[in-house]
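Here the structure comes first, spelled out in structure tokens, and everything after it is commentary.
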Amino acid sequence: MSYRLVNWFKLASPQKFYPVAGKMIPLFWLLAAAFGVAGLWLGFFVAPTDATQGEGYRIIFIHVPTSWMSMFIYLVMAAWAGLGLALNARLSGMMAQALAPTGALMAFLSLWTGAFWGKPMWGAWWVWDARLTSELILFFLYLGFMALQSAIDDPRRADKAGAIVVLVGVVNVPVIYFSVKWWNTLHQGASISINKAPSMAMTMLWGMLLMALCLWMYSIAVALMRVRAIMLERESHTDWVKQLAEVKA
Amino acid sequence: MKPMFSLIRRDLLIALRNKTEVLTILFFFVIVTSLFPLGIGPEPAQLRKIAPGVLWVAALLATMLGLQRMFAPDHADGTLEQMALSPTPLVLLVGGKIVSHWLVSGLPLVLMAPVLGIQFDLDAGSLGVLMLALLLGTPLLSLIGSIGAALTLGVRGGGVLLSLLVLPLFIPALIFGAGAVQAHMAGLGFGGHLSLLAAMLVLAAFFAPWATTAALRIALE
Amino acid sequence: MIWHSAADFFAMGGYGLYVWGSFGVCALAMVLEPWLLRQRRSQALRSLQREMRAQQMNKERT
């Protein structure tokens, strides 16, 4: 039982994590593809036409997953950032750095798909209601983090400064999530909660969940790819990088 | 606590000796506010509508100008390192810096706002709510801004980067602050908005100095 | 089957532009991101190899 714990800490060095990440990446791509196919099949061929919104509602199968992921990735970034500050570990900073662009992309796609859903349904590409505004703020927070990291030359300082930015901004995530509850907004209320039965058809719910899983696996795959690239860039002076097969080739 | 007060006194003395700095921020506030009626049109009803937002955004931008100078001069001549090494907890000294920043950059805006509000044809009640809202909002901005100022200390592109970091965090305060005045103008109560603003201020007063101190230590390493 | 023809599927009951505009951009992004990452990786590898070659030449000269 105890050597399991030791194993995890061994992974905390970039040297050990690099090959492990490399082996995991194809697995996550496979999972993403599997969930994606299942989710899209449910979303487009099984889920029935909506009574009020017709076929346009099918955007939900990509809009909700991207929104969930944008918030989830931010929380994971905040966790890595907190860990990095507490343990002073290089890898945590690299993971946060690796997650940010994907999180920003998810936030952007959430806003984009939301606009494409809003235009036919509400008549407007954009409204300044609480949920949309706080998602926009989340997008800005991602961009601010990325800008700060690229402006600071010393990677260790960049890691720590970025960690503070992420942790300060984490208050925004519950605001987004609860905004539809706290304010009278145009955005529809939560249809899925942890303790109540969902107010939508099971096929729709499953389609959404499968697509969310697809995006989750995708995000992990991409983040692992990116962290490996970051390691190659930041650890270029170390022996273990110079000994890698792909470098010696 | 005494070191904190002497720090505030010192900063105020420096500000008094370099009056141009304070006045520049004030003038910026006035000029930016004047741009909007010139750009949008002088129709009074329209001006009254946009006044809370315009005044808040202008106050925001004006305070951002002053944020850079919160730590940069002290960092440049080594005073900041001395502060970090001193026996007084750095948090207290940071608190002092934030207070003096507000006194120099925030409070003048609060006092100036009613005068500018008259340009927008706001009535006395709305001016009062505006002042109260800015009184709560400007310290909040100094607090949140101090985190950004500490994080971007000595970083290239600091000024714009600072704005990019701080403005998203400040949007809720902007929404509630301007919203309070708008609510009053619409005949609804402004109490809710101001309470939320006050709550944000209290939270920031507790947490921001710690975040700023951590950021300063990172910058000083 | 909900869709009576391929044309029906692409039209999405009149919402085609919005549905495919959403899914399309997402699909594009999810293809672009890994591709750009692959570029980043090969760039990093190339600069590493260049540096190692430079160090090697430096050693051989001294």
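The values are calculated or read from the model by the stated rules, or taken from the named source; none is laboratory data. Just so you know, these numbers come straight off a predicted model, no measurement behind them. Cβ: placed from backbone, ideal geometry, glycine included. Neighbour counts: every protein chain shown.
Which condition from (1) closer than 30 Å to residue A:245 by Cα; (2) in contact with a Lys or Arg (Cβ under 9 Å, 6 or more places away or on another chain); (3) not hydroxyl-bearing (Ser, Thr, Tyr) is the one that residue A:85 breaks?
(1)
Which one of A:44, A:35 is more than 12 Å from the chain's Cα centre (by Cα) and within 8 Å of another protein chain (Cβ to nearest Cβ)?
On the way: A:35 fails: within 8 Å of another protein chain (Cβ to nearest Cβ).
Testing whether each residue is more than 12 Å from the chain's Cα centre (by Cα) and within 8 Å of another protein chain (Cβ to nearest Cβ) leaves just A:44.
Does residue C:27 satisfy the criteria of being loosely packed, with under 12 Cβ neighbours inside 10 Å and under 30 Å from residue A:46 (Cβ atoms)?
no
Sort through C:31, C:25 and tell me the only one that's at the interface with another protein chain (Cβ under 9 Å from one of its Cβ atoms) and not in a loop (DSSP other than H, G, I, E, B). Please lay out each step first, then the result.
On the way: C:31 fails: at the interface with another protein chain (Cβ under 9 Å from one of its Cβ atoms).
Going through C:31, C:25 in turn, just one is at the interface with another protein chain (Cβ under 9 Å from one of its Cβ atoms) and not in a loop (DSSP other than H, G, I, E, B): C:25.
Any idea which residue in the stretch A:148-158 is surrounded by the most Cβ atoms within 10 Å (Cβ to Cβ), counting only those that are of a type outside the set (Val, Ile, Thr) and at the interface with chain B (Cβ under 9 Å from one of its Cβ atoms)?
Per the stated criteria, the residue is A:148.
Go through the stretch A:37-52 residue by residue and tally those that are without any contact (Cβ under 8 Å) to a residue 12 or more places away in the chain and not in a loop (DSSP other than H, G, I, E, B). Show your work before the answer.
So in the stretch A:37-52, the residues without any contact (Cβ under 8 Å) to a residue 12 or more places away in the chain come out as A:37, A:41, A:45, A:49-52.
Still in the running and not in a loop (DSSP other than H, G, I, E, B): A:37, A:41, A:45, A:50.
Number satisfying all stated conditions: 4.
If you scan the stretch B:6-47, which residues turn out to be in contact (Cβ under 8 Å) with a residue 40 or more places away in the chain and loosely packed, with under 12 Cβ neighbours inside 10 Å?
Listed by number, the list holds a single entry, B:44.
Which one of the conditions (1) free of Cβ contacts under 8 Å to residues at least 40 places away in the same chain; (2) within 19 Å of residue B:102 (Cβ to Cβ) does residue B:163 fail to meet, given that it meets all the rest?
Status for residue B:163: all satisfied but (1).
Within the bounds of the stretch C:46-62, is there any residue that is outside any helix (DSSP H, G or I) and over 30 Å from residue A:57 (Cβ atoms)?
Kept after step one, since they are outside any helix (DSSP H, G or I), are these residues of the stretch C:46-62: C:62.
Checking which are over 30 Å from residue A:57 (Cβ atoms) leaves us with C:62.
Checking the stretch C:46-62: at least one residue is outside any helix (DSSP H, G or I) and over 30 Å from residue A:57 (Cβ atoms).
What is the one condition in (1) part of a helix (DSSP H, G or I); (2) under 30 Å from residue A:44 (Cα atoms); (3) not β-branched (Val, Ile, Thr) that residue A:145 does not satisfy?
If we test residue A:145 against (1) part of a helix (DSSP H, G or I); (2) under 30 Å from residue A:44 (Cα atoms); (3) not β-branched (Val, Ile, Thr), just (2) comes out false.
Across the stretch C:2-22, which residue is modelled with the lowest pLDDT among those that are within 7 Å of chain A (Cβ to nearest Cβ) and not in a helix (DSSP H, G or I)?
C:2
Test of understanding: among B:67, B:141, B:107, B:92, which residue is over 23 Å from residue B:3 (Cα atoms), out of contact with any strand residue (DSSP E or B) (no Cβ under 6 Å at 6 or more places or on another chain), in a helix (DSSP H, G or I) and touching a residue at least 12 places away in the same chain (Cβ under 8 Å)?
Numbers: B:67 fails: over 23 Å from residue B:3 (Cα atoms); B:107 fails: over 23 Å from residue B:3 (Cα atoms); B:92 fails: over 23 Å from residue B:3 (Cα atoms).
Exactly one of B:67, B:141, B:107, B:92 is over 23 Å from residue B:3 (Cα atoms), out of contact with any strand residue (DSSP E or B) (no Cβ under 6 Å at 6 or more places or on another chain), in a helix (DSSP H, G or I) and touching a residue at least 12 places away in the same chain (Cβ under 8 Å), namely B:141.
Return the only residue of A:80, A:112, A:117, A:126 being away from chain B (no Cβ under 14 Å) and not in a helix (DSSP H, G or I). Can you show your working first?
Details: A:80 fails: not in a helix (DSSP H, G or I); A:112 fails: not in a helix (DSSP H, G or I); A:117 fails: not in a helix (DSSP H, G or I).
After applying the criteria, what remains is A:126.
In the stretch B:156-174, which residue that is facing chain A (nearest Cβ under 7 Å) and either of a type in the set (A, V, I, L, M) or under 17 Å from residue B:134 (Cβ atoms) (or both) is surrounded by the most Cβ atoms within 10 Å (Cβ to Cβ)? Before the answer, list the steps.
Let us first name the residues in the stretch B:156-174 that are facing chain A (nearest Cβ under 7 Å), namely B:156-157, B:161, B:164-165, B:168-169, B:171.
If we keep only those that are either of a type in the set (A, V, I, L, M) or under 17 Å from residue B:134 (Cβ atoms) (or both) too, we end up with B:161, B:164-165, B:169, B:171.
Details: B:161: 20, B:164: 21, B:165: 27, B:169: 25, B:171: 16.
In this case the residue turns out to be B:165.
So, in the stretch B:172-213, exactly how many residues are closer than 28 Å to residue B:89 by Cα and free of Cβ contacts under 8 Å to residues at least 40 places away in the same chain?
Matching residues across the stretch B:172-213 total 5.
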